[in-house]
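Here the structure is laid out as structure tokens; the discussion comes afterwards.
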Amino acid sequence: MMTGFLKPMVLIPNGEFSEEEYCFILRHELTHYRRHDIWFKLLLLGAKSLHWFNPFIHWMCRQAESDLEIGCDEEVCAAFDREERHRYCTMILESVRRHNGERFLLSTSFYSGKSVLKKRFMSILYPKFKKGLPLIALAIGIVTLCGVLI
């Protein structure tokens, strides 16, 4: 996991990791560093703190944290072939097993819950066409058409 704001550091637990696993872990955590994900997590924690009574905010924060991990995985695996993607997923799963799914506040760790882990594996192993841009274009077109008609 990566922790720290002004002087971020990557913490790797004691254990027997292969050289490839170390490369995967460091690539993943350094991607979080480059994307400034720890600051986004601080922002999400602030939102949850201010709106502790609102279940929608808690749901939104869980979704945002999930998106941070999935986005990081997509960046890490962009140049990987199918076999490397499979080994990356296996490494994440083994890491979660070794540490019983421990989670730490304000850190970027591999585990975010079973459903998020499943989404991550699906996005890593079966990358799909991004639907966001066509949907945004469609929404803009509909709004423009409605504006013209009115």
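Fully extending the segment from ALA78 to SER49 would add 7.0 nm, taking 0.36 nm per residue of separation and subtracting the current Cα-Cα distance.
Counting each DSSP H run of 4 or more residues in the chain as -39500 (n - 2.57), what helix-only mean residue ellipticity at 222 nm follows after dividing by all residues, to the nearest 500 deg cm²/dmol?
Numbers: 6 runs with 100 residues, N = 150.
My calculation for the chain gives -22500 deg cm²/dmol from helical runs alone.
Of LYS7/LYS114; LYS7/LYS118; LYS48/LYS128; LYS7/LYS48, which sit over 27 Å apart, Cα to Cα? Listed pairs above 27 Å: LYS7/LYS114; LYS7/LYS118; LYS48/LYS128.
Accessible area per residue for segment 1-89 is 63 Å², calculated with a 1.4 Å probe on protein heavy atoms, without ligands, DNA or RNA.
For segment 1-93, what is the charge dipole size about the Cα centre, in debye to the nearest 20, if Lys and Arg each add +1 at the Cβ and Asp and Glu each add -1 at the Cβ? Spell out each step's value before the answer.
Working: 10 positive and 15 negative charges, 112 e Å.
Dipole about the Cα centre, nearest 20: 540 debye.
Screening the chain for whole DSSP H helices of 18 Å or more along their axis (Cα) with average Kyte-Doolittle hydropathy at least 1.6 returns 132-149.
Classify segment 1-95 as rounded, prolate or oblate from the Cα gyration tensor: take a ≥ b ≥ c as the square roots of its eigenvalues, call it rounded if a/c is under 1.5, otherwise prolate when a/b beats b/c and oblate if not. Spell out each step's value before the answer.
Values: a/c = 2.30, a/b = 1.76, b/c = 1.31.
Cα axes put segment 1-95 in the prolate bin.
Taking the accessible area of the chain, probe 1.4 Å, and keeping the other protein chains in place, the carbon and sulfur fraction comes to 66%.
Between MET60 and ILE150, the simple spin-label model (points 7 angstrom out along Cα→Cβ) gives 2.4 nm.
Of the residues LEU6, ALA79, SER66, the one whose Cα sits farthest toward the positive end of the charge dipole of segment 3-83, with +1 on the Cβ of Lys and Arg and -1 on the Cβ of Asp and Glu, is LEU6.
The values are calculated or read from the model by the stated rules, or taken from the named source; none is laboratory data. Keep in mind it's a predicted model, so treat the numbers as computed, not measured. All Cβ positions, glycine included, derive from the backbone under ideal geometry; neighbour counts span all protein chains shown. We work out accessible area using only protein heavy atoms, side chains counted, and drop any ligands, DNA or RNA first. Shrake-Rupley method; radii C 1.70, N 1.55, O 1.52, S 1.80 Å.
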